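Structure, as structure tokens:
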Amino acid sequence: MKNKDFADLWSQNLMSNYAVPSITLVKGKGSIVVDADGKKYIDMLGGIATNILGHSHPAVVSAVNRQIKRLSHVSNFYSHPNAIELAQILVRLTGDKQSRVFFAQSGAEVNEAAIKLSRKTGRTRIVAMTGSFHGRTMGSLSLTGQNSKRVAFTPLLKNIKHVAFGDIKKAKRAINSRTAMVIVEPIMGEAGVIVPPLNYLKELREACTNNGALLVIDAVQTGIGRTGQWFGYEYSGIKPDVITVAKGLGAGLPLAAMIAVGKTSQLFEPGDHGSTFGGNPVTTAASIAAIKWIEKNKILIKSKADFKNLSSSINSIPGVFEVRGAGLLIGIALERNIASEVMHALQEKGFLVNAANPNTIRIAPALNIPRKELNQFVKALKEVMSDVH
Ligand SMILES: Cc1ncc(COP(=O)(O)O)c(C=O)c1O
């Protein structure tokens, strides 16, 4: 069966909440994927910042194989060594021994968990950012600051105030002694890789502390080394109250975590929250293997260097307005609203990217992507930009 056959079957069998994909991917190794027509691509999007070590990474494959052969699922009535080991790793990565972890499967779910956790402060008000993306379930959609995604589903949760991302004055005006939590992405991913001013997170932290509000860092897209740091906020020197991670955490398997830091970790009591699959032995095995591999191979240092190299070479391409982001979460802002055209031209040449908004191409490839493949991408982008000019 070819791409076209799969597209037909998709429309006949799947709901129409997504546009029908014209490409069906059937296999992958590292950062190379192959579609049903046999065409090869360099995967510059990594399942949108999710395939942290690319496809079929040997360390992940062998950890998953070993685990699925041994024990597949245990429920929350029992414990499993992998869930404990991964929680230990995440607690260590926060640098705060008091931190505690709740496991789920998706970004939306751990942001829901954060909303519930914040209710345990006895407050209900939330401050979130315009343009943000936190998920599409009713609670996480209420946090998401994009009207186009919300409008058909109102009424959403009450008492959520959206303020301009990066504008500390507006945030300070909205945060008060009735605010339960403030949620912010260290870099807004879905909005087009938007980086806030340098002191923004620090000043948000101060405003939250002064008013007794929880500061929730949504590191779903920026987490697990994506920005050259474990969660994406560390450069600011702050200590958040909650960190949510998903996407890269499972190295391609569905896994998410809410990490409650400091005394916030004591807010949930038995019976307050739960998830059947959360902390599943197989998904946590994948995650442990991936994180250990990232640490052993000093991948965070590589991500930082990749950003430096890519941004300097991409910035000089005619038609590119600016390069935003950190590590391997990169927004290539174009001078004109031609992101969709550029995305399709790159696809033709064998590169998968995403048009995050009309003038921004987003790339978020595997963190272990070889330099050679990054260089091939830059060359292709140069050609495409010169063609469309
Ligand atoms: C910052 C952020 N938060 C939350 C989510 C929602 O995650 P999921 O699609 O796993 O529910 C996303 C997804 O793109 C995201 O980028």
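The values are calculated or read from the model by the stated rules, or taken from the named source; none is laboratory data. Worth saying up front: this structure is predicted, and the values here are computed from it rather than measured. Positions of Cβ are generated from backbone atoms using ideal geometry, with glycine treated the same way; all protein chains shown enter the neighbour counts. We work out accessible area using only protein heavy atoms, side chains counted, and drop any ligands, DNA or RNA first. Shrake-Rupley method; radii C 1.70, N 1.55, O 1.52, S 1.80 Å.
Side notes on the structure shown:
- Amide H within-cut-off set for Gln98, under 5 Å, with H built and near neighbours excluded: Gly262
- Here the accessible area of the chain is 54 percent carbon and sulfur, with a 1.4 angstrom probe and all protein chains present.
- Over segment 59-108, accessible surface divided per residue gives 62 Å², non-protein components excluded, 1.4 Å probe.
- The chain: most fluctuating residue of Tyr78, Tyr41, Tyr233 per GNM, C-alpha cutoff 10 Å: Tyr78
- 10 Å beta-carbon shell around Ala355, net charge (K/R +1, D/E -1): 0
- Separation of the alpha carbons by more than 32 angstrom is noted, of Lys2/Lys298; Lys29/Lys308; Lys69/Lys304, for Lys2/Lys298; Lys69/Lys304.
- Ranking of Glu269, Glu234 by solvent-accessible surface, largest first: Glu269, Glu234 (1.4 Å probe, protein heavy atoms only, all chains present).
- 3J(HN,Hα) from dihedral phi, segment 275-289, Karplus parametrisation 6.51/-1.76/1.60, rounded to Hz, x for glycine, proline: 6, 4, 8, x, x, 4, x, 6, 5, 6, 4, 4, 5, 4, 4
- Report summary: the helix-based calculation at 222 nm, which adds -39500 (n - 2.57) for every DSSP H run with n ≥ 4 and divides by the residues of the chain, gives -11500 deg cm²/dmol.
- In this structure segment 142-213 gives 49 Å² per residue of accessible area when probed at 1.4 Å with all protein chains present.
- Antiparallel beta bridges, as assigned by DSSP with both residues in the chain, represent about 65 percent of the total such bridges.
- Calculated from backbone phi, Karplus (6.51, -1.76, 1.60) coupling profile of segment 118-127 in Hz, x at Gly/Pro: 5, 5, 6, 7, x, 10, 10, 7, 10, 10
- Distance (nanometres) between label positions extended 7 Å along Cα→Cβ at Ile48 and Ser312: 3.3
- Accessible solvent surface per residue of segment 291-382, calculated while the other protein chains remain in place, 1.4 angstrom probe, Å²: 44
- Ranked by how many other beta carbons lie within 10 Å on average, peptides 188-195, 106-113, 312-319, 299-306 from highest: 106-113, 188-195, 299-306, 312-319
- Computed on protein heavy atoms with a 1.4 Å probe, the accessible areas place Tyr200, Tyr235 in the order Tyr235, Tyr200, largest first.
- 3J(HN,Hα) from dihedral phi, segment 31-37, Karplus parametrisation 6.51/-1.76/1.60, rounded to Hz, x for glycine, proline: 9, 9, 10, 10, 9, 5, 8
- Which of Ser312, Gly327, Val20, positive extreme of dipole for the chain (C-beta unit charges): Gly327
- Exposure rank, largest accessible area first [His80, His73, His55; 1.4 Å]: His73, His55, His80
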